[in-house]
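Take a look at the structure set out below.
The values are calculated or read from the model by the stated rules, or taken from the named source; none is laboratory data. No experiment lies behind these values; they were computed from the predicted model shown. Positions of Cβ are backbone-derived with ideal geometry, glycine not excepted, and every protein chain shown enters the neighbour counts. To get the accessible areas, we keep the full protein, side chains included, count just its heavy atoms, and leave off ligands, DNA and RNA. Shrake-Rupley method; radii C 1.70, N 1.55, O 1.52, S 1.80 Å.
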Amino acid sequence: MKTLKQLTVLILFLSGLMTTGCDRKENAPPPEPPTINVTDSLVMVDLYHSMKLGEWGEAYNWDLTDPESWIGIGFQTDENGLKYVNKIRIILYQDKDIECSLPSSLGNLKYLSEFGLGGIPNLRGSLPESIYNCPMRIMKIGQCPKFEDKLSPKIAQWKNTLVELTINQTSFYGEVPKEIGECQLLEYLSLNSNKFSGTIPAEIVKIPCGTIFLHHNEFTGIDWRIYTENIGYGDLQCAFNNFTGEIPQEVLESERWNRFHSFYPFNKGYGFTNYPLDENQLPK
């Protein structure tokens, strides 16, 4: 009899456990929907680790499970309340010997329109080629002296979006692609203090942004059609470059030459052999 009572209690106890478990399952609140789409979330994880953001101090020590903690990241939200990354701005300006780079997955951010990096002394590598697939409006990179890349002809893919391009104090090198002239929405263009070289393309002055800043580089020439054919209407600031050779007489006699010719002073050991050095003819 005692055994029967014990068995009955055990059955009732187990039955209660099963009922409670079912109740908990049925009454549990639904899981929280994700606040950021999976692709962008994974790219941010890549960015955090590739840039070693956790080593730069508290400000960038993100909680990877909480997008609200992602300092420097901006979002846009779709009609379903799902967030997409549309802005990255990592400005450090710290003298730390932390070697870092950008992840190749950046180009997966299909709404990325603003991209900024500043003051990262040991940023290595280059821009992922895929970033030209993003609808870029503003790109600003400054004081990243070891960041080395070329501007790709794919910059023409930004022709319907790009309004500002600033790349200053980096190790960007090579020729500026003529395709940059297709970016007709550009309002500001500065490529100062880099290692750009070769000939400045005539297409660059077709950009309707007024003055174009190209000083402190390694340019060796300029497409003189800017003067002889009066291409475009932009003004070039090109002091401190490696210009060589002779300025064609046709250029010196052109109306445009009299309006602007900002090439002086040159980098040490360089210069056009017939550059007019009369103080009255020097750029103001």
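How many residues does segment 19-40 hold that are in contact with a Ser or Thr (Cβ under 9 Å, 6 or more places away or on another chain) and at pLDDT 95 or above?
Total meeting the criteria: 1.
Quick check on segment 209-219. Is at least one of its residues open to solvent by less than 60 Å² (accessible area, probe 1.4 Å) and assigned to a helix (DSSP H, G or I)?
no
If you scan segment 158-179, which residues turn out to be part of a strand (DSSP E or B) and of a type in the set (Asp, Glu)?
Scanning segment 158-179 gives a single hit, Glu164.
Here are some conditions: (1) more than 14 Å from Phe263 (Cα to Cα); (2) surrounded by fewer than 16 Cβ atoms within 10 Å (Cβ to Cβ). Leu191 meets all but one. Which one does it not meet?
(2)
Give me the pairs, please: first residue somewhere in segment 44-68 and within 11 Å of Ile90 (Cβ to Cβ), second residue anywhere and of a type in the set (Lys, Arg), beta-carbon distance under 8 Å, and either six or more positions apart or on two chains.
Final answer for the pair search is Trp56/Lys96.
Filter segment 240-259 down to residues that are buried (at least 17 other Cβ atoms within 10 Å of the Cβ) and of a type in the set (Gly, Ala, Ser), then give me how many there are.
So the count comes out to 1.
Given Ile141, Ile155, which one is assigned to a strand (DSSP E or B) and crowded, with 19+ Cβ neighbours inside 10 Å?
On inspection, the qualifying residue turns out to be Ile141.
For segment 153-171, does any single residue satisfy the condition of being under 17 Å from Pro128 (Cβ atoms) and either aromatic (Phe, Trp, Tyr) or at pLDDT below 95 (or both)?
yes
Mind listing just one residue for me: the one in segment 220-239 that is of a type in the set (Ser, Thr, Tyr) and not in a loop (DSSP other than H, G, I, E, B) and, of those, least open to solvent (accessible area, probe 1.4 Å)?
Tyr227
Can you tell me which of (1) open to solvent by 10 Å² or more (accessible area, probe 1.4 Å); (2) in contact with a strand residue (DSSP E or B) (Cβ under 8 Å, 6 or more places away or on another chain); (3) within 24 Å of Val85 (Cβ to Cβ) is the one Ser126 doesn't meet?
Ser126 satisfies all of (1) open to solvent by 10 Å² or more (accessible area, probe 1.4 Å); (2) in contact with a strand residue (DSSP E or B) (Cβ under 8 Å, 6 or more places away or on another chain); (3) within 24 Å of Val85 (Cβ to Cβ) except (2).
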